[in-house]
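The values are calculated or read from the model by the stated rules, or taken from the named source; none is laboratory data. The shown structure was predicted, so the numbers you read here are calculated from the model rather than taken from an experiment. Cβ coordinates were reconstructed from backbone atoms using ideal geometry, including for glycine residues, and neighbour counts include every protein chain displayed. Ligands, DNA and RNA are stripped out before the accessible areas are found, and what is left, the full protein with its side chains, is counted by its heavy atoms. Shrake-Rupley method; radii C 1.70, N 1.55, O 1.52, S 1.80 Å.
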Amino acid sequence: MSAPATAPVQDAPDERIVSRSYLRRMLGRPELGAVVGAAAVFVFFSFVAESFLQASSLSTVLYASSTIGIMAVPVALLMIGGEFDLSTGVMVTTSALVSSMFSYQMTANVWVGVGVSLLTTLAIGFFNGFMLTRTKLPSFIITLGTFLMLTGLNLGFTKLISGTVSTKTIGDMEGFESARKVFASHLTIGGVDLQVTILWWFALVALATWVLLRTRVGNWIFAVGGGADAARAVGVPVNRTKIGLYMAVAFCAWISGQHLLMSYDVVQSGEGVGNEFLYIIAAVIGGCLMTGGYGSAIGSAVGAFIFGMTSKGIVYAQWNPDWFKFFLGAMLLLATLLNAWVRKRAEATK
């Protein structure tokens, strides 16, 4: 007696060629939660603060967003790669201090100090990445050590060279005006005064998005954040990728530091402490996971925009600014919960 015939087993379709609905694609975007939150914050302050929608107010919001967003972009990439950097806030100040003190003490053109600062800041980023890959210690420990060392160096060297906690003015030195045009100038577009940092911010977001989504390096970043051992097994240069990410953070710290210096032509050695948390918050609100392997540069920009709207919206609404940190913490918690929910929905609809 012959065995009964069985129905042929059909192979499951390749998920790479399965057509997905628009809703599913949207749910899979890391920045979805941040966009929803940004819209809610915008509508809220539009009602509670009459001056919020004025062109001058929006330019101020964008400027506040850009000062955080310039650093939030590389921090987001670093978090996608599975690492942290707690030295970013003081690194910005270090960059500004090196430019100022080198230019003043050497009586050199300001651009010479700017160049020396770039090399110094990149060296700090390389140090963080090198120590991380060589020692295998958590990035929290490595960069916390760098944070403490830079905090002490900023204060110690400034007092040693200048005799005070701030640098000498370099506003009358050769090259200052041209450097200010690059890092701290104003642009008037449609009658609205905009800081050049907004253009720097947009350019960095566009570049980072292109790297993440269109290049092999972007694939490496996601792979390293998803699992360093698995990425190394398929040929991803894990160490080089992580060092490169830390140097990208350092490069953006240099941009922010030069803006700080060129805006005021003096720098206080104690500035920047605590700003590292704002950069991380912006990245997390923008959809980056603390565990790595997930996030976007656009999301970090939206997170920074939420920060700018909240910090200035409270002022325009004439509320006590002491409430700002409360709103920032609440947004961080809500954004994290929303991002987790969105990701679960996205995974459930695959």
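Here are the numbers:
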quantity	calculated
Any hit, segment 218-234, residues being among the β-branched types (V, I, T), surrounded by fewer than 19 Cβ atoms within 10 Å (Cβ to Cβ) and more than 30 Å from G272 (Cα to Cα)	yes
Criterion: in contact (Cβ under 8 Å) with a residue 12 or more places away in the chain and either outside any helix (DSSP H, G or I) or not basic (K, R) (or both) - qualifying residue of T158, T188, T164	T158
Neighbours by Cβ (under 6 Å, 6+ apart or cross-chain): first from segment 262-289, at positive phi; second open to solvent by 30 Å² or more (accessible area, probe 1.4 Å)	D265/T169
Sole residue being modelled with pLDDT under 95 and within 22 Å of the chain's Cα centre (by Cα), chosen from F126, F140	F140
Wholly enclosed helices (runs of 4 or more DSSP H) of segment 196-299 bearing at least 3 residues closer than 30 Å to K159 by Cβ and within 16 Å of the chain's Cα centre (by Cα)	238-264, 275-285
Single residue of segment 296-335 satisfying the filter (open to solvent by 60 Å² or more (accessible area, probe 1.4 Å) and of a type in the set (A, V, I, L, M)) that is nearest to G33 (Cα to Cα)	L334
Test: S139 is in contact with a strand residue (DSSP E or B) (Cβ under 8 Å, 6 or more places away or on another chain), more than 19 Å from I255 (Cα to Cα) and in contact (Cβ under 8 Å) with a residue 40 or more places away in the chain	no
Residues (more than 30 Å from A228 (Cα to Cα), crowded, with 19+ Cβ neighbours inside 10 Å and among the β-branched types (V, I, T)) located in segment 239-275	V267
Test result for A123, more than 23 Å from A208 (Cα to Cα) and of a type in the set (A, V, I, L, M, F, W, C)	no
All positions within segment 201-217 that are open to solvent by 70 Å² or more (accessible area, probe 1.4 Å) and either over 19 Å from G292 (Cβ atoms) or in contact with a Phe, Trp or Tyr (Cβ under 8 Å, 6 or more places away or on another chain) (or both)	F202, L207, W210, R214
Any chance T167 is polar (S, T, N, Q) and under 28 Å from M106 (Cβ atoms)	yes
Test result for M131, open to solvent by 20 Å² or more (accessible area, probe 1.4 Å), touching a residue at least 24 places away in the same chain (Cβ under 8 Å) and touching a helix residue (DSSP H, G or I) at 6+ places or on another chain (Cβ under 7 Å)	no
L187 being over 21 Å from M71 (Cα atoms), open to solvent by 50 Å² or more (accessible area, probe 1.4 Å) and in contact with a strand residue (DSSP E or B) (Cβ under 7 Å, 6 or more places away or on another chain)	yes
Subset of segment 229-248 (residues that are out of contact with any Gly (no Cβ under 6 Å at 6 or more places or on another chain) and under 16 Å from F130 (Cβ atoms))	P237, V238, N239, R240, T241, G244, A248
Residues of segment 67-96 that turn out to be touching an Asp or Glu at 6+ places or on another chain (Cβ under 9 Å) and either without any contact (Cβ under 8 Å) to a residue 60 or more places away in the chain or within 17 Å of I255 (Cβ to Cβ) (or both), as a count	13
